[in-house]
1. Mind telling me which of the residues 51, 5 ends up being over 18 Å from residue 100 (Cβ atoms), among the polar types (S, T, N, Q), open to solvent by 40 Å² or more (accessible area, probe 1.4 Å) and free of Cβ contacts under 8 Å to residues at least 60 places away in the same chain?
2. If you take the residues in segment 260-286 that are crowded, with 20+ Cβ neighbours inside 10 Å and of a type in the set (A, V, I, L, M, F, W, C), which one is nearest to the chain's Cα centre (by Cα)?
3. Identify the residue in segment 184-210 that is hydrophobic (A, V, I, L, M, F, W, C) and in a loop (DSSP other than H, G, I, E, B) and, among all such residues, is nearest to residue 144 (Cα to Cα).
4. Limited to segment 138-157, what total is found for residues that are of a type outside the set (Ser, Thr, Tyr), touching a strand residue (DSSP E or B) at 6+ places or on another chain (Cβ under 6 Å) and farther than 12 Å from residue 94 by Cα?
5. Is it fair to say residue 88 is within 13 Å of the chain's Cα centre (by Cα), in a loop (DSSP other than H, G, I, E, B) and under 20 Å from residue 29 (Cα atoms)?
6. Sort out which residues of segment 222-257 are within 21 Å of residue 111 (Cα to Cα), modelled with pLDDT of 95 or more and not in a strand (DSSP E or B), and write them in order of number.
7. Only residues that are out of contact with any Gly (no Cβ under 9 Å at 6 or more places or on another chain) and among the acidic types (Asp, Glu): list them for segment 12-41, please.
8. In segment 8-23, how many residues are in contact (Cβ under 8 Å) with a residue 40 or more places away in the chain and either farther than 16 Å from residue 47 by Cα or in a loop (DSSP other than H, G, I, E, B) (or both)?
Amino acid sequence: MTLPTVAELIDAATERMRAPQLLSEDPGQEARELVAHALGVLPAQLRERATERLDPRAHGEFLRILQRRLALEPTGYIVGAVEILGLRFKVDRRGFIPRLDLPVLIRAGLMHVAEDARGFALDLACGIGAAGICVANARPGLTVHLADVSEEAIELARENAERLIPGRARCFSGDLFTPLPGENRGRYVLVTANPPWVPDGTPLPQEVIDHEPHVCFFGGPDGLDVVRRLVDELPGWLRPGGAYAQECDPSQIAKVLALLERGGMRDLRAHRDPQGIERVVSARKP
């Protein structure tokens, strides 16, 4: 049997990733991740190997990991990584896998922060630390604080920070602002957050139910219990002119903007993902 070339396998895998039950945000990217993992290389290295034919070992490994994906195991957990804005983050079951619309949140925050800004940024409900680390990578003058209620997620965020922005992050485990140093009150240039916003009882995709930490998702009867507490404390932690950005469900955009306005925040904005759907809000402290 003639085995496929790398390019042929990527094309075939892309079609498999379009299976409705997989709910793939980007079938081509998932396919490249899986093929690269089978070959033991990074996705960026696939182009130079496009015409190579797989050997039996690599082809067998690909078939094994393909079956794991078709059994609804998330690609991020299979390959142990996810790439966001050019940075490759370690991912495992200690933390929620960032979705491909996370750059909308990151860019919404960065648009309020000068390139030469100095001081502190904060990533609340940070998970693996992707948003905060990307902010720090884009703004070299900022030190980032990463905070999450999950001690396991914070361990993972710390590992990512030590590798990607060594010496520029501190990590805290606890509820929202509670574990943060008191001396940082009123000093954050930017706060990003991806708090739980799914209403209790909402059906989730099977791969999420089976594999990802549930603490990341559910936020009370209307999904906004944690958001309300966060927004209530937020102004006291931002410096004057400091900015806030968070992800939420499109159906919650107006409610979250109203909460921010009632909390004294200004320059309220909604931000669209690549499909034109509003998924992120941002605001500034006067």
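1. Numbers: 5 fails: open to solvent by 40 Å² or more (accessible area, probe 1.4 Å).
The conditions single out 51.
2. Checked segment 260-286; the qualifying residue nearest to the chain's Cα centre (by Cα) is 280.
3. Among those that are hydrophobic (A, V, I, L, M, F, W, C) and in a loop (DSSP other than H, G, I, E, B), it is 197.
4. Here is the first cut: in segment 138-157, the ones of a type outside the set (Ser, Thr, Tyr) are 138-142, 144-149, 151-157.
Keeping just the survivors that are touching a strand residue (DSSP E or B) at 6+ places or on another chain (Cβ under 6 Å) gives 142, 144-147, 151, 154, 157.
When the remaining residues are screened for being farther than 12 Å from residue 94 by Cα, the result is 142, 144-147.
Residues meeting the conditions: 5.
5. Details: within 13 Å of the chain's Cα centre (by Cα): yes; in a loop (DSSP other than H, G, I, E, B): no; under 20 Å from residue 29 (Cα atoms): yes.
The answer is no for residue 88.
6. Correct list: 231, 234, 235, 237, 253, 254, 256, 257.
7. 15, 25, 26, 30
8. 6
The values are calculated or read from the model by the stated rules, or taken from the named source; none is laboratory data. Since this is a predicted model, take the numbers as computed values, not measurements. For neighbour counting, all protein chains shown are included, and Cβ atoms are generated from backbone atoms with ideal geometry for every residue, glycine included. Remember, those area values only see protein heavy atoms, side chains included, never the ligands or the DNA or RNA. Shrake-Rupley method; radii C 1.70, N 1.55, O 1.52, S 1.80 Å.
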